[in-house]
Amino acid sequence: MFKRISNSRLSQTALRLWTRVWVWPQMGIGLKMTLLVIVGLISLIALFDYMGTAALNENIRHSLEERVVVAQTVARHVDYILANIEHALTDAAQRGGLDDLARRDEALRAAYARLSFFGNRVLLVDPSSHVVAAYPPINADISFPDAQPVQLALNGQAFAVSRRAHPVGAEGQSALAAAPVRDAKGEIVGALVVTIDFYNPNVQTFTHPVGLGGSGYLDLVDTDGLILASTHAERVGLPSRQCGTASRDAGVCAGHAGRVGHHGASG
């Protein structure tokens with residue numbers, strides 16, 4: 001019975017305290033309406049803020065997805081270009097004349113006529129990696145001892161393309177593709193090299209981009225993280241923060257899209 005009385009007293013005490021704290025019944029109708037309006041406005045502001053943030057995040061996600069598609073499309077296009085370079089370069093290296101000093105210049109001009117669609121120069125490299133002839137002619141002492149595609153071609157690989165830019169005299173750096181040159185006996189006597197020009201009007205991947213919007217950009221990045229080509233020319237040669245490796249000889253990045261990869265490559 002003592003316990004029942006104690007519980008009753010506690011309940012009454014709690015009710016009195018709640019009545020003192022809960023002042024809503026004691027408020028006037030004007031003050032109540034004011035509080036209701038304030039609470040309603042705060043709720044509406046919070047709701048609209050949430051809806052706006054959600055819509056913005058959805059737009060950003062959709063934009064990034066679209067740029068990933070653009071990067072994937074360009075990566076496939078670069079692969080297509082490299083496949084055509086492989087066909088033209090290996091065929092030009094096998095046609096003969098490059099191992100004959102009397103016919104070499106004519107053979108280089110013929111090779112350039114086919115490869116100028118993709119590159120800006122063809123080079124003939126001897127077994128010691130030195131450039132012995134070029135078309136268009138170049139007045140510089142150039143060698144490629146560290147260019148892996150050249151070394152692979154000199155060692156018998158049918159075709160190799162670089163994953164990083166290599167210096168080509170005073171012309172700066174360029175991606176290279178190489179194929180072995182053989183004599184009548186089938187022995188390797190050098191390599192035919194083309195410097196790939198991704199700004200060639202025939203390619204137009206980086207000169208006439210599509211689907212990037214006003215603030216978007218497209219980069220071709222080598223495996224060292226340096227930009228080989230870009231729709232923003234001022235970015236060429238700078239380190240890329242978006243991607244590293246991708247399409248056969250480089251990475252293709254659109255805006256903040258991630259890496260897109262196709263095929264293998266030499267160094």
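The values are calculated or read from the model by the stated rules, or taken from the named source; none is laboratory data. None of these values were measured; they are calculated from a predicted model. Glycine gets a Cβ as well: all are built from the backbone with ideal geometry, and neighbour counts include every protein chain shown.
Condition test on D146, is it at pLDDT below 90, out of contact with any Ser or Thr (no Cβ under 8 Å at 6 or more places or on another chain) and either of a type in the set (D, E, K, R) or surrounded by 21 or more Cβ atoms within 10 Å (Cβ to Cβ) (or both)? The answer is yes for D146. Checking R109, R103 one by one, the residue that is touching a Phe, Trp or Tyr at 6+ places or on another chain (Cβ under 7 Å), over 17 Å from A191 (Cβ atoms) and surrounded by fewer than 16 Cβ atoms within 10 Å (Cβ to Cβ) is R109 and no other. Pairing each residue of the stretch 56-80 that is more than 15 Å from S230 (Cα to Cα) with any residue that is exposed (fewer than 11 other Cβ atoms within 10 Å of the Cβ), provided the two are 6+ apart or on different chains, yields C-beta distances under 9 Å for T73/V210.
Of the residues making up the stretch 79-125, those that are aliphatic (A, V, I, L, M) and closer than 20 Å to L220 by Cα are I81, L82, A83, I85.
Tell me, yes or no, whether the stretch 160-171 has at least one residue that is assigned to a loop (DSSP other than H, G, I, E, B) and surrounded by fewer than 20 Cβ atoms within 10 Å (Cβ to Cβ). Among the residues of the stretch 160-171, not one is assigned to a loop (DSSP other than H, G, I, E, B) and surrounded by fewer than 20 Cβ atoms within 10 Å (Cβ to Cβ), which makes the answer no. The set of residues in the stretch 116-137 being crowded, with 16+ Cβ neighbours inside 10 Å, under 21 Å from V189 (Cα atoms) and not small (G, A, S) consists of R121, V122, L123, L124, V125, V131, Y135. Regarding A153, is this residue in a helix (DSSP H, G or I) and farther than 21 Å from L98 by Cα? Against the criterion (in a helix (DSSP H, G or I) and farther than 21 Å from L98 by Cα), A153 does not qualify. Taken as a whole, the stretch 45-64 holds at least one residue that is of a type in the set (S, T, Y), assigned to a helix (DSSP H, G or I) and loosely packed, with under 12 Cβ neighbours inside 10 Å. Among the numbered criteria (1) part of a helix (DSSP H, G or I); (2) at pLDDT 90 or above; (3) under 24 Å from V221 (Cα atoms), which one does V68 miss? For V68, the exception is condition (2). Exactly one residue out of D91, D141 is surrounded by fewer than 18 Cβ atoms within 10 Å (Cβ to Cβ), assigned to a helix (DSSP H, G or I), more than 23 Å from the chain's Cα centre (by Cα) and not polar (S, T, N, Q), and it is D91.
Is it true that some residue in the stretch 185-194 is of a type in the set (A, V, I, L, M, F, W, C), more than 17 Å from N120 (Cβ to Cβ), surrounded by fewer than 20 Cβ atoms within 10 Å (Cβ to Cβ) and modelled with pLDDT under 90? Within the stretch 185-194, not a single residue is of a type in the set (A, V, I, L, M, F, W, C), more than 17 Å from N120 (Cβ to Cβ), surrounded by fewer than 20 Cβ atoms within 10 Å (Cβ to Cβ) and modelled with pLDDT under 90.
Does any residue of the stretch 242-261 turn out to be modelled with pLDDT of 65 or more, within 21 Å of F117 (Cβ to Cβ) and assigned to a loop (DSSP other than H, G, I, E, B)? No, the stretch 242-261 contains no residue that is modelled with pLDDT of 65 or more, within 21 Å of F117 (Cβ to Cβ) and assigned to a loop (DSSP other than H, G, I, E, B).
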